[in-house]
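As structure tokens, the structure follows; a few thoughts come after it.
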Amino acid sequence: MSKIEEIVDTLEVKVGKVLQQLETVKQTNLKLEKELELTKQSLRSQQEVIISWEEKYEALKFANAMLGSDENKRETKLKINTLIREIDHCISQLSD
């Protein structure tokens with residue numbers, strides 16, 4: 001009988017250790033979930049900043065093209081030609 005008692009005692013100790021490890025894993029999991037959520041929020045915030053800067057860049061690029069900067073001469077000429085065609089089209093519609 002003492003052999004069975006030893007086995008039961010050993011089993012109880014091992015089950016206790018497993019339960020402690022389980023609790024530790026649960027706590028670690030909660031900590032990691034919180035960290036993940038914070039990282040996701042940070043990523044969303046950074047993506048919003050990137051989108052904002054991209055919009056500002058496009059607006060600046062368009063403004064430079066309209067001003068006729070050396071880098072965007074071709075784009076400027078194309079935009080001016082498009083505007084002239086639109087104006088000509090409006091004038092022809094008014095003439096009719």
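Every number in this text was worked out from the coordinates using simple rules, so none of it is lab data. Keep in mind it's a predicted model, so treat the numbers as computed, not measured.
Side notes on the structure shown:
- An ellipsoid equivalent to the chain, defined through the eigenvalues of its Cα gyration tensor, has semi-axes of 77, 15, 9 Å when rounded to whole angstrom and sorted largest first.
- Between 0 and 90 degrees, the angle of helix 2-67 with respect to the longest Cα principal axis of the chain falls at about 10 degrees.
- Binned Cα-Cα distance frequencies in segment 1-56 - 5 Å width, integer %: 4, 16, 10, 11, 9, 8, 9, 6, 7, 5, 5, 4, 3, 2, 2, 1, 0
- Remark: the GLU23-GLU55 segment gains 6.7 nm on full extension, using 0.36 nm per residue and subtracting the alpha carbon distance.
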